[in-house]
Structure formats: C-alpha cells, structure tokens
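A.B. asks: The structure's right below; bear with me while I get my questions together.
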Amino acid sequence: MSGLTEQRTMRIGEVAELTGLTPRTIRYYEEIGLLGPAGAESEPREQGKHRAYTRADVERIQEIVRLRDLLGLSLEQLSQLVEAETARAEIRREIKVTDDPQRMRELILQAHAHITTQLDLVRMRVTELAKLEDELAERQAACLQRLESLSG
C-alpha cells in the first residue's frame, strides 16, 4: 500500500481489490459494526453518494481479515475484538492529551479491561486449538499402533 496516502480516498471496488474481499462483504462488515459507518474516518457523505474509504479503513479491514483467518472467530466474537481495539485506540488518543493523573489512571484501567476482553477471546481459541491438536495426536498414535500390530 505504499502508493496510498492518508488523505487519498477510494471507492469500494478499489478497497475490495486491496483487501481481497467483495464489496458486499465490506458493506456487511459496516452493517454489523466491524467497520465504522460511512463518514466515520472521513467527511460525512450526503444521501445517495458513495462512501469514500481511507487508508485507515483499508488497514482496519485487513486487520479484521487477518484476525478472522488467524483466530477463526465468529463474527460476534470478531466484533467484540474489534470494538475493544477501537476503544483502546480512543483511550490512547486521550492519554496523549491528558495531564490529570487520576484521569490517566482511569484510562489505563479501561485499556486494561479491553485488553482482558481481547486476551480472553484469544485464549479461548488457543484452548480449542490445543484440544484439537491433542485429539489429532491421539488419532495419529492410534494409526501408528494399528500399523505396528499389522506388521507383527
């Protein structure tokens, strides 16, 4: 994406090409809240006008796809993960401009809670994957035992 600048906007077809998704999937991600509504990152659009996507939108979609593929989460779980990340980004912005130690403490506690939510989702998937790994290893061992019994 080296050719994209922060100010340049794109139409949905270009975003689809860059992300490997269909325009319909991108619109669906907007509908269910995985991707902010039109105008969230840029200027609000007028009724009937096409949404203009930004580099930040493309990066967010790519992160959603990466998490979806890596973690195999449901759309609801993926939405929770993305919501927590969005909240953390807002907290980071506020921390940068806050001088009040009490407010800083509140923000850090909020960030901690969001990270806990994300970590819980990831750990749940790790546990499920470990269980699947154990089951497959047992099946593999059973196959080897059967082969040995046929050889003797």
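Read the figures in this text as sums done on the coordinates, not as results from a lab. Predicted model, so just to flag it, every value in this text is computed and none were measured. Reconstructed Cβ throughout: ideal geometry from the backbone, glycine too, with neighbour counts over all protein chains shown.
A.B. asks: Exactly one condition in (1) surrounded by 13 or more Cβ atoms within 10 Å (Cβ to Cβ); (2) not in a loop (DSSP other than H, G, I, E, B) is false for R51; which is it?
C.D. replies: Failed condition: (2).
A.B. asks: Please find, among V97, V82, the residue that is among the hydrophobic types (A, V, I, L, M, F, W, C), surrounded by fewer than 10 Cβ atoms within 10 Å (Cβ to Cβ) and out of contact with any Ser or Thr (no Cβ under 8 Å at 6 or more places or on another chain). If you could, list the steps in order and put the result at the bottom.
C.D. replies: Working: V82 fails: surrounded by fewer than 10 Cβ atoms within 10 Å (Cβ to Cβ).
Being among the hydrophobic types (A, V, I, L, M, F, W, C), surrounded by fewer than 10 Cβ atoms within 10 Å (Cβ to Cβ) and out of contact with any Ser or Thr (no Cβ under 8 Å at 6 or more places or on another chain) holds for just one of V97, V82, which is V97.
A.B. asks: Which numbered condition trips up D99, out of (1) farther than 24 Å from G33 by Cβ; (2) in a helix (DSSP H, G or I)?
C.D. replies: All conditions pass for D99, except number (2).
A.B. asks: In addition: When you scan the range 114-152, how many residues do you find that are of a type in the set (S, T, N, Q) and closer than 18 Å to E85 by Cα?
C.D. replies: 3
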